[in-house]
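Bear in mind that the values in this text are calculations on the coordinates, not laboratory data. Treat the numbers as computed from the prediction; the structure is a model and nothing was measured. No Cβ is skipped: glycine too gets one built from the backbone with ideal geometry, and neighbour counts run over all protein chains shown.
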Amino acid sequence: MNIKRENQLVFWLFLSPVLFAFLMVMVIPFFMGTYYAFTDWTSSARVGAGTQFIGFKNFTESFADPAFMYSFGITVLYTILNMIFINVVAFVLALLVTSGLKYKNLYRVGFFIPNLIGGLILGYIWQFIFNNAVPSLGHIIPFLDFLLEPDNLVLGKTSSAVMALVIVGTWQYAGYIMMIYIAAIENVPVELHEAAMIDGATPLERLGKITIPMAAQAFTVTMFLTLVNSFKQFDVNVSLTSGGPSIMYQGEPILGTQLLALNIYNTAFVSNRLAMGQARAVIFFFVLALIAIVQVYVNKKKELEL
Amino acid sequence: MNKRKLGLLVAEIITALVFLLFLFPFLLVLINSAKTSFEITQFPLSWPEDWGNILKNTVRIWTSESVRYPSSLLSSALITALSLLFINLLSAQAAWALVRTKTKTSSVIFFIFVAAMVIPFQIVMFPLLSWFRMVTVTTGVRLIRTYQGIILAYIGFGASLSIFLFHGFIKSIPLELEEAATIDGCRRYQIFYEIVFPILTPIQATVLVLNGIWIWNDYLLPLLVLGKGNAIQTIPLAVSNFAGAFVKQWDLILTAILLAMIPVIIFFLFAQKYIVKGMIAGSIK
């Protein structure tokens with residue numbers, strides 16, 4: 001056997017196991033799913049039988065559905081709040097941890113740990129905190145007795161329930177994002193700081209004129225990372241609020257904190273409208289693809305500047 | 001100099017307070033795992049009266065028919081370990097084949113793997129289930145509610161990022177090393193298994209950590225592929241079934257959560273260095 005033939009054989013032999021798995025769970029379902037979004041597919045048990053092509057009906061109906069449009073809006077709001085909170089907390093923590101503290105390694109570990117526990121479990125822990133621990137503060141501290149009122153439960157109102165999701169999201173991701181900022185801050189040459197100190201720059205000036213500009217590359221990474229992760233949030237949503245509380249929106253009862261990923265899941269499995277859920281998943285994909293294109297564009301631009 | 005010391009002290013105190021605040025939810029889980037359900041509803045913030053309760057609650061969870069903690073732990077460990085084993089080896093060999101074969105086909109395949117990283121699980125999850133059922137009907141191989149089905153799914157979903165990471169690393173390995181081995185009479189496949197694969201250890205650590213944390217904590221894929229009420233269930237599934245079934249029994253729910261967190265925290269304390277490094281590397285690439 002000649003070398004070229006052998007190389008080609010090895011190429012396909014080495015590639016085929018992973019290619020097979022990838023085809024089975026990504027490629028084939030992706031094309032099936034895109035097709036199903038344009039059909040009246042209802043039961044996942046019997047496929048093909050009687051599935052009709054119905055064009056863009058699932059999409060137009062989705063955009064006309066108040067619950068979906070509300071989910072879209074609340075997801076955008078949640079994503080923006082989450083991005084701001086996570087990045088501010090993470091950057092401040094990174095600055096603190098790199099300022100020469102005695103127990104810096106212990107702090108890093110502590111801030112990072114929530115990230116290792118699954119979002120589902122984190123959500124249940126915080127459900128307990130918001131439903132049991134927070135109201136019990138009313139027993140302990142007299143002027144907080146309003147917390148005992150069932151009407152004042154954090155997860156009972158949409159606005160505070162969204163903030164609860166943001167708090168848990170921040171707790172979950174801040175330590176991870178902090179690690180990226182730490183790496184960036186530690187990469188800033190010490191000489192720059194020393195020179196600035198000799199010139200009489202205050203710590204705040206050094207932060208604004210040296211640390212932040214030098215860490216600019218890290219900001220692009222963390223912004224897109226938190227953007228995509230927040231937009232895809234599902235686990236914490238399920239375990240913390242399950243989408244609740246119920247509210248009235250445009251004359252229809254809907255779930256007040258149902259993020260997009262949960263809306264897609266519920267549309268398919270709770271309302272039993274698989275094709276509709278699939279169409280929403282396609283919309284979800286388009287938004288994420290758009291974000292990815294912007295990210296590639298921004299990164300290319302940044303690379304050119306450097 | 002004195003002013004700087006004072007500033008440092010203030011920073012130390014602030015950071016220590018935030019640190020305690022960050023870990024406070026875990027403390028709440030711990031103290032409430034040592035309470036009776038009456039104690040929890042009355043005093044969720046108090047110190048437990050009798051730490052012996054933590055043992056009682058643990059035994060109740062461990063032996064509970066509805067949680068099935070021991071078998072869930074075993075299933076989670078088996079699924080994570082086997083998926084990691086396959087992802088690591090199969091993605092590494094695929095990445096090597098893609099780097100060392102410079103053809104149009106090879107670049108197109110690599111591009112598809114990378115582009116697929118943008119695809120969210122939501123768009124493939126419903127058709128995945130019906131496709132798995134079709135495969136079972138036509139070939140007789142059961143993929144839904146089985147180990148082989150979920151492990152196949154993790155290999156497929158983990159492939160993109162893993163191949164991408166290996167690809168970047170392998171590109172930096174000098175080709176001379178492999179050429180020398182060829183001259184010494186090594187066959188093509190031997191070059192990979194005996195020479196290249198052992199050099200990949202640092203990037204293997206990254207791949208294992210990133211995929212390991214994802215698979216161990218994953219909820220949605222096991223929920224769909226394994227389903228509820230299955231003999232095979234992972235820890236997140238066990239916790240969610242249980243927390244749904246026992247709506248107000250926080251003493252048991254929190255103990256179940258504590259037991260679910262312990263393996264992760266122990267693992268983290270041992271492999272801290274690799275985990276932090278791996279996760280940062282994975283995010284920046």
*asked:* Just to be sure I understand the model, the point goes 7 Å from the Cα along the line to the Cβ. What's the resulting A:F63 to A:S159 distance in nm?
replied: 3.1
*asked:* For a test of the definition: using alpha carbon positions, the gyration tensor, and the 1.5 limit on a/c, classify the range A:60-305 as rounded, prolate or oblate.
replied: oblate
_Only helices at least 20 Å long along their own axis, judged from Cα atoms, and with Kyte-Doolittle mean hydropathy of 1.6 or greater: name those in chain A from DSSP H._
A:66-97
*Convert each backbone phi in the range A:241-258 into a coupling constant with the Karplus relation 6.51 cos²θ - 1.76 cosθ + 1.60 (shift: θ = phi - 60°), then list the ³J(HN,Hα) values in order as whole Hz, x for Gly and Pro.*
10, 6, x, x, x, 6, 9, 9, 9, 6, x, 10, x, 9, 8, x, 10, 7
*asked:* Based only on other Cβ atoms within 10 Å, what is the fewest-to-most ordering of A:M248, A:M24, A:M83?
replied: A:M248, A:M24, A:M83
*Which one of B:W214, B:I232, B:P48 has its Cα pushed farthest toward the positive end of the charge dipole of chain B, where Lys and Arg give +1 and Asp and Glu give -1 at the Cβ?*
B:W214
_Packing-based exposure ordering (other Cβ within 10 Å, fewest first) of A:T98, A:T222, B:T103_ = B:T103, A:T98, A:T222
*asked:* So, R0 is 41 Å and r is the distance between the beta-carbons of A:A196 and B:Y274; what FRET efficiency does that work out to, to 0.05?
replied: 0.70
_Reach of A:K57 by Cα under 20 Å, taken over aspartates and glutamates that are not fewer than 8 positions away in the same chain_ = A:D40, A:D65
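Starting with the fewest neighbours, write out B:D218, B:D184, A:D145 ranked by other beta-carbon atoms found within 10 Å of each beta-carbon.
In order of increasing Cβ crowding within 10 Å: B:D184, A:D145, B:D218.
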*So what are the range B:133-198's ellipsoid semi-axes, whole angstrom, largest first, if each one is the square root of 5 times an eigenvalue of the alpha-carbon gyration tensor?*
37, 16, 8
*asked:* Taking 8 Å as the Cα distance limit and 6 or more residues as the minimum spacing, I'd like the relative contact order of the range B:64-245 as a percentage.
replied: 39
*Efficiency by 1/(1 + (r/R0)^6): what FRET value for B:L74 and B:E49, r their Cβ-Cβ distance, R0 = 45 Å, to the nearest 0.05?*
0.85
*With a cut-off of at most 13 other beta carbons within 10 Å, and DSSP calling the residue loop, which trypsin sites (Lys or Arg not before Pro) in the range B:237-277 qualify? Please list them.*
B:K248
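Step through the table entries A:K102/B:K277; A:K102/B:K35; A:K232/A:K301; A:K4/A:K301; A:K302/B:K104, compare each Cα-Cα distance with 32 Å, and write down the pairs that go over it. Write down the numbers at each step before the final one.
Values: A:K102/B:K277 22 Å; A:K102/B:K35 35 Å; A:K232/A:K301 26 Å; A:K4/A:K301 40 Å; A:K302/B:K104 29 Å.
As for pairs spanning more than 32 Å Cα to Cα, those are A:K102/B:K35; A:K4/A:K301.
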*Evaluate the Debye formula for the protein assembly as shown with equal point scatterers sitting on the alpha carbons, no solvent, and hand back log10 of I(q)/I(0) at q = 0.08, 0.10, 0.11, 0.12 Å⁻¹, in q order, two decimals.*
-0.63, -0.98, -1.18, -1.38
*Compute the separation of the alpha-carbon centres of the range A:165-215 and the range A:232-306 and state it in Å as a whole number.*
32
*Got a sec to turn the phi values of the range B:95-100 into Karplus ³J(HN,Hα) couplings, 6.51 cos²θ - 1.76 cosθ + 1.60 with θ = phi - 60°, whole Hz, x for Gly and Pro?*
4, 4, 4, 5, 6, 8
*Taking the Cα atoms of the range B:64-245, what is the range of coordinates along each of the three principal axes, in descending order and whole Å?*
63, 32, 30
*Any idea what the relative contact order of the range A:60-305 is, in percent, if you count C-alpha pairs under 8 Å spaced at least 6 apart?*
28
*For chain B, which span is the longest to avoid every loop-located (per DSSP) member of GluC sites (Glu not before Pro) having at most 12 other Cβ atoms inside 10 Å?*
B:66-285
*Amide hydrogen neighbours beyond the local backbone of A:Y249, cut-off 5 Å, H modeled*: A:I254
*For A:L148 paired with B:F24, estimate the spin-label separation in nm (one decimal), with each label point 7 Å from Cα along the Cα-to-Cβ line.*
2.1
